[in-house]
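The values are calculated or read from the model by the stated rules, or taken from the named source; none is laboratory data. For clarity, every value in this text was computed on a predicted model and none was experimentally measured. Neighbour counts are summed over all protein chains in view; Cβ atoms, including those assigned to glycine, are modelled from backbone coordinates with ideal geometry. Just so you know, the surface numbers come from the protein's heavy atoms only, side chains and all, with ligands and any DNA or RNA stripped out. Shrake-Rupley method; radii C 1.70, N 1.55, O 1.52, S 1.80 Å.
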Amino acid sequence: MFSKILIANRGEIACRVIKACKELGIKTVAVYSEADREALHVKIADEAYLIGPAQAAQSYLNIKKIIEVAVESKAEAIHPGYGFLAENANFIREVEKAGLTFIGPNADAVEAMGFKTKARKTMMDAGVPVVPGTTEGIKSLDEAKKIANEIGYPVMVKASAGGGGIGMQIARNEAELEQAFKMCEMRAKAYFGDPTLYIEKYIENPRHIEIQVLADKFGNIIHVNERECSIQRRHQKVIEEAPSVVVIPQLREKMGEAAKRAAKAINYDNAGTVEFLVDTQLNFYFLEMNTRIQVEHPVTEMITGIDLVKWQIKIAAKEKLSIKQEDVKINGHAIECRIYAEDPDKNFMPSPGKITKLSFPEMEGLRIDHGIYEGYTVTPYYDPLLAKMIAWGKNREEARKKMLKALEQTVIEGIKTNIPFHIKALSHPLFIEGKTYTNFIENLK
Ligand code: MV4
């Protein structure tokens, strides 16, 4: 096992990883930008080093500097958290070149999933159901029209280098396809520096259901059940839960096996998530694989008792996965609400500023992962995620009621948060019924 780990991240996830390290008896090294001198992760780590200015490109994305600090502080491994350098194959290779261990998958596996057309082809070959569509980039608008006619409208145009919803557009007929093609091409070039596009059949009213996998370096792979993440705003997840109300044991088994095939096909190791779109007939289709720990991992931990971050560390330290598939059970239900520094009355505009008062409730079955304290100033430089409140109950209704109670008892003053939005969402009849389709937020008003 490692004796010291550097955490190349900030905010709640840096704090979450530090907690896992403490429980494993591992020393921690934090890194921080000039804007984060007073951040919580800096205070709770054993050591902390300034790595650059507020702009992430010069600090949390500064590969050279981060590796330098790791070497100098004698850390043996680097945990990337999510975002920033978590899915950067070049970073992984640089970490390894410096003689350090990356706590995450191998660089080739990250690359295999990075380019969407390539990932779709690999998944089809591995027998994983994929949304009908192309596995190669589309060369021209004429080709796009021909393919859309074959697939049948409506279709979705997406950027091959994209993911997470950026640079994608729906087209319900040929005129819309022309528009979508031009728009996506422009965005793909601007955001990803690569104009390659592909086309998929548009799935109406889908749910976003993802399967958590854990794989060690010896070929052992398990799936750790699904998370339902359909409640999103502008492709940003807001509420997640586990298990999903629509996933019955037989479907879970099928999706779990497909996720394991996906991981096996790219020689995956460490924790990862296979995202599926699930249509109203409960057909499921591979969407993409996230080759990192995810924001919403706690709902899985709450219903399975498996500590995913500790397993990430153990797997990176070449430990064998001791959990067998048949040991993975589901106990109760968990709901996560992401608390953002945003003003729901002002179109969810970021709301930075000083937290003048802070009080979280404490109750059994309530977990709060956060990176804030009373007196802390939220800066405008990074993702506005302040905290994640995760409520566990024997069933969904018990978890929902606990979550509502916890939200109502939370006090965050000085800045605006989306807590009022969560209270409204969790009280809505559609949420209570489990009708959490992707259009849930638009229908909330
Ligand atoms: C889709 C889709 C319908 N058909 N792909 C992909 C990234 C994710 N953030 C949104 N994505 C979608 N891809 C096809 N072929 C609908 C969405 C979608 C969505 C999916 C799940 C949950 C919420 C969503 C919100 C908007 C769009």
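The C-beta contact set for region 196-208 (first residue over 21 Å from GLU185 (Cα atoms) and within 9 Å of the ligand (Cβ to nearest atom), second residue assigned to a strand (DSSP E or B) and open to solvent by less than 20 Å² (accessible area, probe 1.4 Å), distance under 6 angstrom, 6+ apart or interchain) comprises ARG207/SER230; ARG207/VAL278; HIS208/CYS229; HIS208/SER230.
Summed over region 105-138, residues that are under 22 Å from ALA89 (Cα atoms), of a type in the set (A, V, I, L, M, F, W, C) and without any contact (Cβ under 8 Å) to a residue 24 or more places away in the chain total 1. Of all the numbered requirements in (1) on the phi > 0 side of the Ramachandran plot; (2) free of Cβ contacts under 8 Å to residues at least 60 places away in the same chain; (3) open to solvent by 20 Å² or more (accessible area, probe 1.4 Å), GLY167 misses one, and that requirement is (3). Restricting the search to strands (runs of 3 or more DSSP E) fully inside region 329-445 and requiring at least 3 residues that are within 23 Å of ARG16 (Cα to Cα) gives 333-340, 357-359, 366-370, 385-393. Looking only at residues of region 396-445 that are open to solvent by less than 10 Å² (accessible area, probe 1.4 Å) and among the aromatic types (Phe, Trp, Tyr), we find that the one that is farthest from the ligand (Cβ to nearest atom) is PHE431. A count restricted to region 170-190 and to residues that are within 14 Å of the ligand (Cβ to nearest atom), of a type outside the set (D, E, K, R) and surrounded by fewer than 19 Cβ atoms within 10 Å (Cβ to Cβ) stands at 1. In the set ILE18, ILE44, only one residue is open to solvent by 40 Å² or more (accessible area, probe 1.4 Å) and out of contact with any Lys or Arg (no Cβ under 6 Å at 6 or more places or on another chain); that residue is ILE44. Of the set (1) within 15 Å of the ligand (Cβ to nearest atom); (2) assigned by TED's automatic domain parsing to the domain that holds HIS422; (3) charged (D, E, K, R), all apply to LYS217 but (1). Of everything in region 290-325 that is part of a helix (DSSP H, G or I) and either of a type in the set (Lys, Arg) or open to solvent by 40 Å² or more (accessible area, probe 1.4 Å) (or both), the residue that is nearest to ALA119 (Cα to Cα) is GLN325. Screening ILE138 on (1) of a type in the set (A, V, I, L, M, F, W, C); (2) in a helix (DSSP H, G or I); (3) away from the ligand (no atom under 13 Å from the Cβ) shows it passes everything except condition (2). Among the residues making up region 275-289, a single one is outside any strand (DSSP E or B) and either free of Cβ contacts under 8 Å to residues at least 24 places away in the same chain or crowded, with 23+ Cβ neighbours inside 10 Å (or both): GLN281. Restricting attention to region 116-153, and to residues there that are among the acidic types (Asp, Glu) and assigned by TED's automatic domain parsing to the domain that holds ARG172, which single residue is surrounded by the fewest Cβ atoms within 10 Å (Cβ to Cβ)? So, considering only residues that are among the acidic types (Asp, Glu) and assigned by TED's automatic domain parsing to the domain that holds ARG172, the one surrounded by the fewest Cβ atoms within 10 Å (Cβ to Cβ) is ASP142.
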